[in-house]
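*Asks:* The structure under discussion is supplied below as structure tokens; questions concerning it will follow.
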Amino acid sequence: MAAPEPGRRELREGLVAEAAVPRSFFKDELKTMFSIGWPMLVSFFCRFGMASEDSAFVGHLTSGSAARRLSLGQGGVFAGGLFGHVGAAFISYGFLAGDALSSGEGAMKYLAAAGLADMVTNILIIPPLAFNQSLNALVSQAMGSGNKKMAGTWLQLSLLWLTASYLPMLASFFFVSPMLHVLGFSDDLCDLAGLYAKFNVFWPIPNGWYQCMRFYFQAQGISRPAMYNNIFFLLVNALLNWILVFGGPFRDWFGWEGLGFIGAAISLSCSRSLQPFAYWLYMFVWRKAHVETWPSWSERTFMKPEHVKSFMQMSAPQIGTLIFQAVVGQATTLLISKLGPVAIAASAATQAATMVLTGGLSPTLSMVGGIRVGFYLGKGQPVRASRVSMLVLVVGVGITAVLGVAVLPFAHQLMSVVTNDPEVQAPAASILPAVVVNLVASIVVSIATQGILTSQGRTKVVTFLSMGFELPVSIGSTAALVFLFDAGLLAVYWAQAAVTVFEAFVIMAIVQRSDWAEFARQAQERQRSNDAENNDEDPEEADPPRHASEISMQEAAEEKKVSGEGTSHSDSPRRGA
């Protein structure tokens with residue numbers, strides 16, 4: 001009987017002997033992270049921009065000065081529409097609604113109704129998204145393990161569970177109006193928001209599919225096609241808004257003035273439904289980039305109990321994580337609203353000013369870190385997984401700190417771009433240092449929880465940190481300052497920064513004490529449960545396919561480098577490294 005091939009034997013028996021980490025390791029990793037990460041950053045901004053386009057077009061439904069002012073993004077409304085923070089936007093649109101109904105401004109009312117509908121529906125679509133949040137970790141582990149067909153199995157499971165969980169959730173879109181009635185909004189505003197929400201019912205499932213496909217490919221190092229797709233549909237969405245809201249060229253040609261208010265909702269549904277279809281056509285039909293990592297649906301690997309169990313262990317806890325994070329964000333903003341309209345406007349202004357850090361950089365670095373950590377864990381190299389986790393944390397803190405310090409001397413000028421109200425500019429500029437400190441600590445928390453711990457398979461720990469730490473400590477401290485000590489906005493923000501810094505130290509201690517060798521064994525066990533026929537060719541010795549991913553090409557380059565150097569000293573992984 002022939003002896004098993006070395007790569008196979010190492011994969012079955014556990015960890016492989018790691019070659020001594022070369023001096024070029026961190027340099028090579030930075031190049032790989034940048035190659036994967038910058039298209040993801042652009043993609044995030046494009047996705048935010050699509051939602052902002054709808055608000056801008058709705059804000060132009062009348063030609064009054066108030067409509068022009070709102071669509072240009074002055075005050076709190078700009079932050080709510082552009083940044084997408086659920087709680088801040090909910091409060092901002094709530095105050096906007098009151099002003100709209102008292103002043104009779106049509107654009108104000110439409111913008112408030114669209115904003116309230118968006119905030120409610122964005123809350124409703126959160127739970128099913130948990131079924132794609134672990135794809136970066138699972139797919140990258142599969143790529144590292146060499147059992148690449150498992151990557152497709154995880155995608156299939158994600159698509160099926162996300163779709164099944166969305167079907168009952170979408171029924172709630174038809175009850176947005178009664179929900180807002182309960183919160184005390186006027187009948188006219190509730191009816192408009194309810195109508196707007198009903199026309200948004202078409203896009204959540206295709207949008208969820210798109211996220212699944214994006215995460216599946218970006219975990220393989222293929223992130224640029226999604227960026228180009230997002231840029232293209234940012235333009236398509238603007239064109240659809242122009243046509244469906246105002247009639248576009250048909251206004252002059254045929255006298256058709258568009259669909260008005262609901263045209264914005266229809267345009268978003270169209271663009272977010274066509275976007276995944278275009279991406280699927282390119283990646284699956286034309287480029288066939290999935291072939292290397294895709295088991296046929298007829299194989300039904302997604303139905304195997306061990307795969308379903310592993311997937312649910314990674315995904316189910318994230319439902320609680322997403323819900324708790326939404327609750328924390330909304331509750332904190334509601335508490336700040338108790339400090340008055342100026343506090344709300346100042347808070348929203350700082351959120352808009354720091355959107356580059358919160359809106360794109362944090363999730364990008366979290367995903368990139370999770371992908372690289374998962375890759376090395378799946379490959380059975382816990383020492384390198386540990387090193388790369390520290391690298392991405394240092395990069396995140398460094399970039400955020402440099403950008404934050406760079407904007408502090410220009411705080412007043414920055415706030416004047418966001419709002420022209422001096423009464424709002426002063427408090428917004430005063431809380432900016434606290435906001436920067438909070439952002440630096442927050443990016444540590446985000447990378448460590450959504451990236452590193454998730455790739456380690458510790459999603460229950462992440463949920464516990466959200467439920468048992470963030471919820472009571474963050475909200476509790478803010479509530480105590482507001483209700484017991486009558487603290488001002490500045491004190492509240494510094495208290496939030498202190499809490500986040502403390503949380504960052506706690507999470508860093510958890511990461512530092514990680515049993516990396518054990519998590520590598522668990523990752524390999526999770527990935528090698530697929531059928532042996534998926535590994536007919538040893539992936540360690542195979543040449544990259546025609547449409548090789550960044551990670552596949554890096555694997556091949558590493559193998560050639562090792563073989564060219566001959567034998568080298570080994571650095572055997574230790575428990576708790």
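The values are calculated or read from the model by the stated rules, or taken from the named source; none is laboratory data. This one's a predicted model, so the numbers in the text were calculated from it and none came from an experiment. Reconstructed Cβ throughout: ideal geometry from the backbone, glycine too, with neighbour counts over all protein chains shown. Keep in mind that these areas ignore ligands, DNA and RNA; they rest on the heavy atoms of the full protein, side chains included. Shrake-Rupley method; radii C 1.70, N 1.55, O 1.52, S 1.80 Å.
*Asks:* Using unit Cβ charges (K, R positive; D, E negative) and no other charged atoms, how large, in debye to the nearest 20, is the dipole of region 279-355 about its Cα centre? Can you show the working numbers first?
*Replies:* Working: 6 positive and 3 negative charges, 15 e Å.
The dipole magnitude comes to about 80 debye.
*Asks:* Additional query: What's the ranking of 454-466, 112-124, 41-53 by average number of surrounding C-beta atoms within 10 Å, highest first?
*Replies:* Averaged packing, sorted descending, gives the order 112-124, 454-466, 41-53.
*Asks:* Hey, what D do you get for region 310-464 in µm²/s if you plug the Kirkwood alpha-carbon radius into Stokes-Einstein at 25 °C and 0.890 mPa s?
*Replies:* Translational diffusion coefficient: 144 µm²/s.
*Asks:* Tell me, what is the FRET efficiency for Gln313 and Met390 to the nearest 0.05, using R0 = 22 angstrom and their Cβ-Cβ distance as r?
*Replies:* It comes to 0.25.
*Asks:* Also: Could you please state how large a percent of the accessible area of region 154-267 is carbon and sulfur, counting protein chains only and using a 1.4 Å probe?
*Replies:* Working: 3420 of 4710 Å².
Taking all protein chains in place, region 154-267 shows 73 percent carbon and sulfur surface.
*Asks:* For Leu334, Leu414, Leu432, Leu167, give the ranking by accessible area with the largest first, probe 1.4 Å.
*Replies:* Descending accessible area places them as Leu167, Leu334, Leu414, Leu432.
*Asks:* If the cut-off is a Cα-Cα distance under 25 Å, which lysines reach Lys338, setting aside same-chain residues fewer than 8 apart in sequence?
*Replies:* Result set, ordered by chain and number: Lys109.
*Asks:* Hey, another quick one. Along Cα→Cβ, 7 Å out, is where each label goes; now give me the distance between the ones at Ala509 and Ile399 in nm to one decimal.
*Replies:* Computed distance between label sites Ala509 and Ile399 equals 2.9 nm.
*Asks:* Another question, if that's okay. I need the peptides 344-354, 318-328, 366-376 ranked by packing, meaning the mean over residues of other C-beta atoms within 10 angstrom, with the highest value on top.
*Replies:* The most tightly packed comes first, giving 366-376, 344-354, 318-328.
*Asks:* Counting only Cα atoms, I'd like the Rg/Rh figure for region 137-235, Kirkwood definition for Rh.
*Replies:* Here the Rg-to-Rh quotient is 1.16.
*Asks:* Rounded to the nearest 0.05, what FRET efficiency do His412 and Phe34 have when you use their Cβ-Cβ distance and R0 = 30 Å?
*Replies:* 0.35
*Asks:* Report, in listed order, any pair from Lys148/Lys304; Lys198/Lys460; Lys309/Lys460 with a Cα-Cα distance greater than 24 Å.
*Replies:* Going by Cα-Cα distance, Lys198/Lys460 fall outside the 24 Å limit.
*Asks:* With every protein chain left in place, what is the accessible area of Arg521 in Å² (1.4 Å probe, nearest 10)?
*Replies:* Only protein atoms counted, so the area is about 100 Å².
*Asks:* Could the peptides 273-280, 149-156, 406-413 be put in order, highest first, of the mean number of other beta-carbon atoms found within 10 Å of their residues?
*Replies:* 149-156, 273-280, 406-413
*Asks:* Net charge near His290: determine it from the other residues with C-beta under 11 Å of the C-beta of His290, scoring Lys and Arg +1 and Asp and Glu -1.
*Replies:* Result for the local shell: +3.
*Asks:* Moving on to the next point. Find how many whole Å separate the alpha carbon centroid of region 151-175 from the alpha carbon centroid of region 290-331.
*Replies:* 10 Å
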